[in-house]
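Here is the structure we will look at.
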Amino acid sequence: MRIYIPENLDIFELTHNNPPSFKPYKLDKLCYILHLINAIPLMDKNIQGEDFVPINAKKLQDKIQNYKKYLNYLESDLQIIESDNHYVVGEKSKGFRFIEQYRTPVKSMQVEDFTFRNKLKAHKNRKIESVKHLGFLTKWFNDKLRIDYDYINEFLVEEHNLKIKDKALWDYDRVRKKYKHPTNQMVHAQMSAQRLKWQDYNLMLDDNVYRFHTNLTNMPSRIRNGVTYDGQKLISLDIKNSQPYLSTILLSRDFWIVQKFEPNKNNSLSIAFDEPQSRYFSSFNQINKVFNEIKCDTLNISHINIHNKDSYIMLGEIPQSLINNEFQNYIDLVVSGKLYEYLEDAFLQELGIELKDRKEVKAAVFQVLFTSNQFKGQAEAAPKRLFEQKFKAVY
């Protein structure tokens, strides 16, 4: 098990000169807490721009029962880290960061304590279990996956130095309305590259939104140029405006009406109104099964037995197609991959908002799609209001 701490931190000398006054104490546990300050942002890009990294006390206590004593030792005695001293029960964990002296590239070290190493392995095994059924994806994470770390590190250091000299090069976080510090970005990227170098694969399926997290997906895209598989360079394929593209399924009448297929003895179909997501992931196989059973290649009204609480009248009142001209305009822009460009021009011409690159346009579109309607009245929600004006029915 490898953990990562600041490159210029001589933890052995510091703890030797100022030993801890509490027991039980393990150096590996102390270093693990330091490791979390750099490791947590790798799994959550939303906090990469934050000054302080929130560390969940309950999760930490599961691994280190007297974690408070370790934190106090690091902060007050060794003065390696500092805290924002701010937490909200159930909402925000207390945040920590390294003092400026130790905001440097990282180095790796092995966990030597047998008991603690096994505890960390058990935690890692639970992550592995979450992706056990994804063998067609996980099989690529083997010793053929390589990264030219020296090349990547040289690039990251040069990029960092250029940004430090010229703040105009800094990346801006539109959500938090502040610039991302180049040193934090460099450290996160270097740690990501190091983990791949050591084949320290961090594979996990998010049980909230079912996103598949890997070393590659958590890695800044610009440094994937240094990654190869079996000696061959990787390429990237991307779906243009993928979130809006996926949203077009919501404009399909079938998405809402055809939910659950159950062939009955008369070879007609019983339709139940169910959660849309369930239909989206399962209906294709169900439709094929139904068509095979009723020996037909078209689905028409004679095959449909509406649920008791519904009626043919209700079905008749729903337009045969919900797609009007406005829907079609939105779908055409999305399918052609031109929605971002269309909105970028609209933001500039009608709001005077100039977005410097596609990344910023994407952030503005995500604001439109994923912020609450309660946010719409605020000054910074102008893009959201403009989208509603352009695509009222879609909105």
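Arg103 - would you say it is basic (Lys, Arg) and in contact (Cβ under 8 Å) with a residue 40 or more places away in the chain? So Arg103 passes the test.
Only residues that are over 14 Å from Ile37 (Cβ atoms) and surrounded by 13 or more Cβ atoms within 10 Å (Cβ to Cβ): list them for the stretch 60-71, please.
Across the stretch 60-71, the qualifying residues are Lys63, Ile64, Asn66, Lys68, Lys69.
Which one is farthest from His160 (Cα to Cα) among residues in the stretch 86-96 that are in contact with a strand residue (DSSP E or B) (Cβ under 6 Å, 6 or more places away or on another chain) and outside any loop (DSSP other than H, G, I, E, B)? It comes out as Gly95.
Restricting Leu169, Leu156, Leu216 to residues that are closer than 23 Å to Pro105 by Cα, touching a helix residue (DSSP H, G or I) at 6+ places or on another chain (Cβ under 6 Å), free of Cβ contacts under 8 Å to residues at least 40 places away in the same chain and outside the structural domain of Ala381 (by TED's automatic domain parsing) narrows the list to Leu169. Name the single residue that is farthest from the chain's Cα centre (by Cα) among those in the stretch 337-349 being surrounded by 13 or more Cβ atoms within 10 Å (Cβ to Cβ) and not in a loop (DSSP other than H, G, I, E, B). This residue is Ala346. The number of residues in the stretch 238-259 being at pLDDT below 85 and assigned to a loop (DSSP other than H, G, I, E, B) comes to 6. Could you tell me whether Tyr229 is surrounded by 12 or more Cβ atoms within 10 Å (Cβ to Cβ) and modelled with pLDDT of 85 or more? Taking the combined requirement at face value, the residue satisfies it. Taking first residues from the stretch 175-193 that are more than 16 Å from Asp44 (Cα to Cα) and assigned by TED's automatic domain parsing to the domain that holds Ile147 and partners that are among the aromatic types (Phe, Trp, Tyr) and surrounded by fewer than 20 Cβ atoms within 10 Å (Cβ to Cβ), the Cβ contacts under 6 Å between residues at least 6 apart in sequence or on separate chains come to Tyr179/Trp170; Tyr179/Tyr172; Ala193/Tyr149. Would you mention how many residues in the stretch 108-151 are surrounded by 15 or more Cβ atoms within 10 Å (Cβ to Cβ) and without any contact (Cβ under 8 Å) to a residue 40 or more places away in the chain? The qualifying residues number 0.
Within the stretch 167-178, none of the residues are modelled with pLDDT of 85 or more and among the hydroxyl-bearing types (Ser, Thr, Tyr).
Going through the stretch 148-192 one residue at a time, which ones are among the β-branched types (Val, Ile, Thr) and in contact with a strand residue (DSSP E or B) (Cβ under 7 Å, 6 or more places away or on another chain)? Residue satisfying the conditions is Val187 alone.
State all residues of the stretch 381-395 that are over 21 Å from Ser252 (Cα atoms) and surrounded by 12 or more Cβ atoms within 10 Å (Cβ to Cβ); if no residue qualifies, say none.
Result: Ala381, Ala382, Pro383, Lys384, Arg385, Leu386.
Here is a list: Ser76, Ser108. Which entry is of a type in the set (S, T, N, Q) and within 20 Å of Asn218 (Cα to Cα)?
Going through Ser76, Ser108 in turn, the sole match is Ser108.
The values are calculated or read from the model by the stated rules, or taken from the named source; none is laboratory data. Keep in mind that this is a model prediction, so the values were computed, not measured. We place every Cβ from the backbone using ideal geometry, glycine too, and count neighbours over all the protein chains shown.
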